[in-house]
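Novice: Dropping a structure here in structure tokens format, bear with me for questions.
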Amino acid sequence: MGKGGSWIGIDIGTMGIKFAKLSGYKLEDWGSVPLPQGSIAAGVIKDFAAVSKAISELFNKRGIKRRRVVSCVGGRETVIRTMTLPRLEKKEFEKFLVWEIERFLPFPVEDAVYNYQILRSFRDGEGEKLEVMVVVTRKSLSRAIYEAFKGAEIELEAIEALPFPLLRSAELSRIKDGFMIIDMGAGTTDMAVVRENNIVLFRSIPIGGNSFTSAISASAKLDFSTAEKLKVDSSFAEIREYVSDVLSNLTDEVRRCFDYVIGQFKENIVSVIYLTGGGCAFKGFDVFLEGMFGISTRRLDPLKGLQLRTPVGELDELKSRWSLAIGLALRGVH
């Protein structure tokens, strides 16, 4: 199918489903629908009927045509690695690649689907080498996404692996330096390091906005909804004492990313951190991270570079929550 016309990006999250409709770089529509609690856990669909019903409801209410629809798969069982491998004949190279993949996969290789991209070729003292980016995910995860959309009578154009759609959103801001994207949803946080438009590291961890809310709830002895309101209405400095353990776990994971990058490139190539996702929307979190790591930290603006209908209203306030859906819909121009 050609890339003209409108494309629909669908972001299925822990708390709900968000969509963005783009025609080229023109944002034509956007919206969301909530999901029943427990429908999604750690990025995995648990209640197919509920997810299919929500997707169908969203398309019917907004009058969205069921074509050129793109969604994504991510979570801890999507792995992206940059590896240096010897140059071989294609058949031998792919055998060698599968053997290398088996060494780091957290699940059986029989349940894996993978793709790779050769970033560059070079020669060192051991001979000719290839720098390769490998993307691996579970077949069962992709199959689950397809089944949920099939239940809503929608045939997907594609399922993409995180964090490639987020990279498209970042490209709208014309970011050129090495950078990190931290995308925090309600249940998980995805982190990617990008250098020269290539993803050199991707990690997904089971810490999200709900982790911070639960910590506030336990520490301040509040019910979950009251703790969520406190989190959203307060500055990060005001709630920091309640979330110290969760915060420590999150910053340790960010630091591990930096350690990996330094090991690969002999220096920290990250010159700026971009925050996105509804889970990290609390005020002052960017300032805290910048002080913690000494790296410029900003909010990713997925609306930058788009032609917007006027007024965009609530979307302008909540724009960081739509980075993934917008990046998916940008498949139509990439």
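The values are calculated or read from the model by the stated rules, or taken from the named source; none is laboratory data. Quick caveat: nothing in here was measured; it's all calculated off a predicted structure. Cβ sites come from the backbone with ideal geometry, for glycine too, and all protein chains shown count toward neighbours.
Novice: Can you tell me which residues in the range 14-29 are surrounded by fewer than 24 Cβ atoms within 10 Å (Cβ to Cβ) and of a type outside the set (Lys, Arg)?
Specialist: Within the range 14-29, Thr14, Met15, Gly16, Ile17, Ser23, Gly24, Tyr25, Leu27, Glu28, Asp29 meet the criteria.
Novice: Within the set of pairs 6+ apart or on separate chains, which have a first residue in the range 100-112 that is in contact (Cβ under 8 Å) with a residue 12 or more places away in the chain, a second that is aromatic (Phe, Trp, Tyr), and C-beta atoms under 7 Å apart?
Specialist: Taking only residues 6 or more apart or on different chains, the pairs are Ile101/Tyr114.
Novice: Report, by residue number, each residue of the range 33-50 that is buried (at least 16 other Cβ atoms within 10 Å of the Cβ), of a type outside the set (A, V, I, L, M, F, W, C) and in contact with an Asp or Glu (Cβ under 9 Å, 6 or more places away or on another chain).
Specialist: Selection gives Ser39, Gly43.
Novice: In addition: Give me the residue from the range 172-185 that is surrounded by fewer than 22 Cβ atoms within 10 Å (Cβ to Cβ) and in contact (Cβ under 8 Å) with a residue 60 or more places away in the chain and, out of that set, nearest to Ser56 (Cα to Cα). Talk me through it step by step, then tell me what you get.
Specialist: Of the range 172-185, the ones surrounded by fewer than 22 Cβ atoms within 10 Å (Cβ to Cβ) are 172-178.
In the following step, the residues that additionally are in contact (Cβ under 8 Å) with a residue 60 or more places away in the chain were identified as 172-175, 177-178.
Details: Leu172: 30, Ser173: 33, Arg174: 35, Ile175: 36, Asp177: 40, Gly178: 39 Å.
The residue in question is Leu172.
Novice: Give the residues of the range 218-273 that are in contact with a Phe, Trp or Tyr (Cβ under 9 Å, 6 or more places away or on another chain), closer than 24 Å to Met83 by Cα and loosely packed, with under 14 Cβ neighbours inside 10 Å, sorted by residue number.
Specialist: Arg255, Ser271
Novice: If a residue counts only when it is within 30 Å of Tyr25 (Cβ to Cβ) and assigned by TED's automatic domain parsing to the domain that holds Pro163, which helices (runs of 4 or more DSSP H) contained entirely in the range 211-315 have at least 1 such residues?
Specialist: On the way: elements: 224-233, 236-239, 244-265, 285-293.
No helices (runs of 4 or more DSSP H) qualify here.
Novice: Can you find, within the range 216-252, the residue that is farthest from the chain's Cα centre (by Cα) among those that are charged (D, E, K, R) and modelled with pLDDT of 95 or more? Break it down into steps so the answer makes sense when it comes.
Specialist: So the first thing to find is which residues in the range 216-252 are charged (D, E, K, R), and the list is 221, 223, 228-229, 231, 233, 238, 240-241, 245, 252.
Retained after the next criterion (residues that are modelled with pLDDT of 95 or more): 221, 223, 245, 252.
Numbers: Lys221: 32, Asp223: 29, Asp245: 24, Asp252: 19 Å.
This residue is Lys221.
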